[in-house]
1. Which value, to two decimals, describes the C-alpha radius of gyration of segment 1-70 once divided by 2.2 N^0.38 Å?
2. Give me the number: length gained by fully extending D7 to I23, i.e. 0.36 nm times residue separation minus the C-alpha to C-alpha distance, one decimal in nm.
3. Tell me, in nm to one decimal, what length is gained between V42 and W109 on full extension, where the rule is 0.36 nm per residue of separation less the Cα-Cα distance?
4. Given a 1.4 Å probe and the protein chains all in place, what does the accessible area of V13 round to, in Å² to the nearest 10?
5. What lysines sit close enough to K56 to cross-link, taking a C-alpha to C-alpha distance under 17 Å and skipping anything fewer than 8 places away on the same chain?
6. Kindly report the accessible area of segment 1-88 per residue (heavy atoms of protein chains, probe 1.4 Å, no ligands, DNA or RNA), in Å².
7. Mind giving me the nanometre distance, one decimal, between the label points for T73 and S59, set 7 Å out from Cα along Cα→Cβ?
Amino acid sequence: MDTPSKDAGTASVKVTVAGSSFIQTVRACEALLQLGASAPEVVSTTALVFYARPFKQDSDVRLDKALVPAEFTDLHEDIIRYRDKVIAHRDVKGPETPWGTANDVVFCWAGSSMQIETTSPVLDFGAAQRLSILAAALFEVRDSQLLSLIQQNFPPPPKPRRSLPRCLGH
């Protein structure tokens, strides 16, 4: 078999990067579900960034949103919008999502000192569960695409060699 084409190599990178991101998304969602109230903002952000990554790449390796199952389209669009307008860029008019609003200004008083913060919504348990299911489903799609690419474009792995018997004393 000849060396894989540039297109085959790019397609392999595309599905490999996507698969890694979806595995990391599932892990972050599982951590969020297990941690409960401990650091939910950090884990939510991690899950959302990992999920959005394959859909926000350069055009050569960007995943098409058509891969997202219809029942998850709204969740997918909420996550991408949140990533774009809150995580990657702090738009003044942050998006509203089913799990909260973003970039609202909050004045926090501690005694005589004041701190001004902006809000960042946290994935609720239902959204985290749905995102975990979505990422796992997309990982399966990616897995079948990768297998097909490997079978079509890369040589099969070498056959295992029989090991030679060791000679004592040598």
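1. Numbers: Rg = 15.3 Å, N = 70, 2.2 N^0.38 = 11.1 Å.
Normalised Cα radius of gyration, segment 1-70: 1.38.
2. Values: separation 16, 0.36 × 16 = 5.76 nm, distance 2.44 nm.
Here the answer is 3.3 nm.
3. 21.8 nm
4. 80 Å²
5. Once the sequence-local lysines are set aside, what remains near K56 is K14, K65, K85.
6. On a per-residue basis, segment 1-88 sits at 53 Å².
7. With each label point 7 Å from Cα toward Cβ, the separation is 2.4 nm.
The values are calculated or read from the model by the stated rules, or taken from the named source; none is laboratory data. Everything quoted here is computed from the prediction, not taken from an experiment. Ideal geometry is used to build each Cβ from the backbone, glycine not excepted, and the neighbour counts take in all protein chains shown. What goes into the accessible areas is simple: the full protein's heavy atoms, side chains included, and nothing from ligands, DNA or RNA. Shrake-Rupley method; radii C 1.70, N 1.55, O 1.52, S 1.80 Å.
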